[in-house]
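S.K.: Please find one structure pasted underneath; my questions will follow.
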Amino acid sequence: MIAIVGGGISGLSLGFALRKLGAEPVIFEGAWQVGGTIQSSARGGFITEAGPNGFLDREPATQELAAALGLGEQLRAADAAAKRRFIFTRGALREVPSSPPAFLKSDILPLGARLRVAAEVLTRRAADPENETLADFARRHLGRTATRVLIDAMQAGIFAGNPERLSLSATFPRMAELERDHRSLILAMMRLQRQRSGAGAPTETAGPSGTLSSFTGGLSMLTRTLAEKLGAVIRLNTEVRSISRVAGGWRLQMASGGNDAESERLVLAVPSFAAARLLRPIDADLASELESIEYAPIAVVHLGYAQTESAVPAGFGFLVPAEECLRILGCIFISSIFPWRSPPGRTLLTCMVGGARQPELFGLSDGELIRAVREDLGRVLGLSSAPAFEQIVRWKRGIPQYNLGHLARVRRIEQAVSRLSGLAVTGNAYRGVGLNDCIRNSTELAKRLAGRAA
């Protein structure tokens, strides 16, 4: 038996992959349902997500998992409007240009800042790339203004972090690779596009690529189907209170006082702070490393309107740089990108508040939070209508922060874990915060655990 603690997407996809490889996993989940932060709900005709709203369809492991689950026909790609993205900067909502010529002609940045971005071709390589923050990298390549506006907004939509602390190599490893191989990001794009155009392959980008996708009924269809396929492999309402080493493996003690379990191998597919609690009696240094991974608190605010709001443009949504001093990090126009998640003729918006930028806002009351979001939407969109539907989801420890030194910390964690025979850790705290990252990492881990080459 391979014991897996945690029934989020990492634990579920690991269990499913292990079963396919002929192993015998058992998943222990303390809650009454699986999914972790992936929780879709339907109310008043609106479908909301407690955590991620979708995933990019570029990851082979996710595509293979969906196909193996028979969910291929349930995949729903975002509407074409999702290609339009906005940033609230210099007091106005401005569309992010989709090409270099459009960027030079746009008003997303002042003219001088746009010309500075064009000079990126002269950038030198970093002397110590692993120990460079996202902000330092961006200033070298794009200039100060682009860093404050474009880069800060971009990372807010993924990490809700502080670019002055986030590690470039940990958060956007593809950018670090492009600089290593080509020096300039612009030159890299030009060279890669020439190489791939002859083969008819998609154009390479420095940032995320692919089409935003979900499933009919929301992302919970993925975790719910995994649970159905795994069946008795999953033990709900079974919180693991403690773990200990025994001859030949590991013993898991349950909080409910039920029967202990023993397993030759153990995977902690829980947040790093939860793994730290379980491992502290066994290896205090390892627990301290796990506990030192910071998490940003996030409040997710869903607002549904009884009519089509003309103030909301067709598009993915907008992000907000810190210098604009708003309380929301950004807003997703759900009814524009996934029209099926909102009744016809209605509008659904999802806003994010808090993060590493303003963690204190997480503590606002529900009423204060709704008022803050509505005031900011009024400033950005001119939206004054009262919503007919409100929903708030809070994650006290929401998004892992891959701050400077993260990759070195993860290596130390992996080395310490390897010294504890039969133990492994997985999840979004280590090598990727997205759904695709979790599935890919769990799939690779399953191959290693089953004794096959990854």
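The values are calculated or read from the model by the stated rules, or taken from the named source; none is laboratory data. From a predicted model like this one, the values you see are computed outputs, not experimental measurements. Note that we place each Cβ from the backbone using ideal geometry, even for glycine, and neighbour counts take in every protein chain shown. Calculation scope for accessible area: heavy atoms of the full protein, side chains included, ligands and nucleic acids excluded. Shrake-Rupley method; radii C 1.70, N 1.55, O 1.52, S 1.80 Å.
S.K.: Of (1) under 21 Å from Phe318 (Cα atoms); (2) touching a residue at least 60 places away in the same chain (Cβ under 8 Å), Pro163 satisfies all except one. Which?
M.R.: Exception for Pro163: condition (2).
S.K.: Test Ala388 against the stated conditions and say whether it is open to solvent by 30 Å² or more (accessible area, probe 1.4 Å), under 30 Å from Ile332 (Cα atoms) and touching a strand residue (DSSP E or B) at 6+ places or on another chain (Cβ under 7 Å).
M.R.: On the way: open to solvent by 30 Å² or more (accessible area, probe 1.4 Å): yes; under 30 Å from Ile332 (Cα atoms): yes; touching a strand residue (DSSP E or B) at 6+ places or on another chain (Cβ under 7 Å): yes.
Yes; evaluated as a whole, the condition is true for this residue.
S.K.: So which residues in region 234-269 are touching a Pro at 6+ places or on another chain (Cβ under 9 Å) and open to solvent by 20 Å² or more (accessible area, probe 1.4 Å), if there are any at all?
M.R.: First pass over region 234-269, keeping only residues touching a Pro at 6+ places or on another chain (Cβ under 9 Å): 242-244, 267.
Answer for region 234-269, where residues must be touching a Pro at 6+ places or on another chain (Cβ under 9 Å) and open to solvent by 20 Å² or more (accessible area, probe 1.4 Å): Ser242, Ser244.
S.K.: I'd like to know if region 313-321 contains one or more residues that are in contact with a Leu (Cβ under 7 Å, 6 or more places away or on another chain), more than 27 Å from Ser220 (Cβ to Cβ) and either basic (Lys, Arg) or surrounded by fewer than 24 Cβ atoms within 10 Å (Cβ to Cβ) (or both).
M.R.: Within region 313-321, none of the residues are in contact with a Leu (Cβ under 7 Å, 6 or more places away or on another chain), more than 27 Å from Ser220 (Cβ to Cβ) and either basic (Lys, Arg) or surrounded by fewer than 24 Cβ atoms within 10 Å (Cβ to Cβ) (or both).
S.K.: Next question. Could you give me the residue pairs with C-beta distances under 9 Å whose first residue belongs to region 408-424 and is closer than 20 Å to Val270 by Cβ, whose second residue is in a helix (DSSP H, G or I) and of a type in the set (D, E, K, R) wherever it lies, and which are 6+ apart or on separate chains?
M.R.: Cβ pairs passing all conditions: Arg409/Glu289; Val410/Glu289; Arg412/Asp285; Arg412/Glu289; Ile413/Glu289; Ala416/Asp285; Ala416/Glu289; Ala424/Arg448.
S.K.: Among the residues of region 64-81, write down those that are open to solvent by less than 30 Å² (accessible area, probe 1.4 Å) and in a loop (DSSP other than H, G, I, E, B).
M.R.: Leu69, Leu71, Ala78
S.K.: If I ask for residues that are in contact with a helix residue (DSSP H, G or I) (Cβ under 7 Å, 6 or more places away or on another chain), open to solvent by less than 10 Å² (accessible area, probe 1.4 Å), within 23 Å of Gly354 (Cα to Cα) and not in a helix (DSSP H, G or I), which ones from region 134-170 would you list?
M.R.: The answer is Phe159, Gly161, Leu166, Ser167.
S.K.: Sticking with this structure for a sec: Find the residue count for region 38-74, including only residues that are out of contact with any strand residue (DSSP E or B) (no Cβ under 7 Å at 6 or more places or on another chain), aliphatic (A, V, I, L, M) and over 26 Å from Leu303 (Cα atoms).
M.R.: 5
S.K.: Do we have Pro173 as within 23 Å of Ala188 (Cα to Cα), surrounded by fewer than 21 Cβ atoms within 10 Å (Cβ to Cβ), in contact with a Phe, Trp or Tyr (Cβ under 9 Å, 6 or more places away or on another chain) and not hydroxyl-bearing (Ser, Thr, Tyr) here? Spell out how you get there, then give the answer.
M.R.: Details: within 23 Å of Ala188 (Cα to Cα): yes; surrounded by fewer than 21 Cβ atoms within 10 Å (Cβ to Cβ): yes; in contact with a Phe, Trp or Tyr (Cβ under 9 Å, 6 or more places away or on another chain): no; not hydroxyl-bearing (Ser, Thr, Tyr): yes.
No; evaluated as a whole, the condition is false for this residue.
S.K.: Would you pick out the residues in region 259-277 that are among the basic types (Lys, Arg) and assigned to a helix (DSSP H, G or I)? It would help to see each step written out before you state the result.
M.R.: Going residue by residue through region 259-277, those that are among the basic types (Lys, Arg) are 265, 277.
The one that is among the basic types (Lys, Arg) and assigned to a helix (DSSP H, G or I): Arg277.
S.K.: Quick one: what pairs do we get from region 212-229, first residue farther than 14 Å from Ala66 by Cβ, second β-branched (Val, Ile, Thr) and assigned to a helix (DSSP H, G or I), C-beta under 7 Å, 6+ apart or different chains?
M.R.: Note: pairs meeting the criteria are Leu212/Ile337.
S.K.: Can you tell me which residue in region 31-63 is most open to solvent (accessible area, probe 1.4 Å), limited to those that are β-branched (Val, Ile, Thr) and not in a helix (DSSP H, G or I)?
M.R.: Thr37
S.K.: Continuing with this model, one more query. Which members of region 270-301 meet the condition of being open to solvent by 50 Å² or more (accessible area, probe 1.4 Å) and among the charged types (D, E, K, R)?
M.R.: Answer for region 270-301, where residues must be open to solvent by 50 Å² or more (accessible area, probe 1.4 Å) and among the charged types (D, E, K, R): Arg277, Arg280, Asp285, Glu291, Glu294.
S.K.: If you check every pair at least six apart or on different chains, which have Cβ atoms under 6 Å apart with a residue in region 19-35 that is of a type in the set (A, V, I, L, M) first and a residue that is part of a loop (DSSP other than H, G, I, E, B) second?
M.R.: So the pair list comes out as Leu21/Ala450; Ala23/Ala450; Val26/Met1; Ile27/Gly7; Val34/Gly7.
S.K.: So which of Ile413, Ile399 is crowded, with 19+ Cβ neighbours inside 10 Å and in a helix (DSSP H, G or I)? Please lay out each step first, then the result.
M.R.: Working: Ile399 fails: in a helix (DSSP H, G or I).
When all the criteria are applied, what remains is Ile413.
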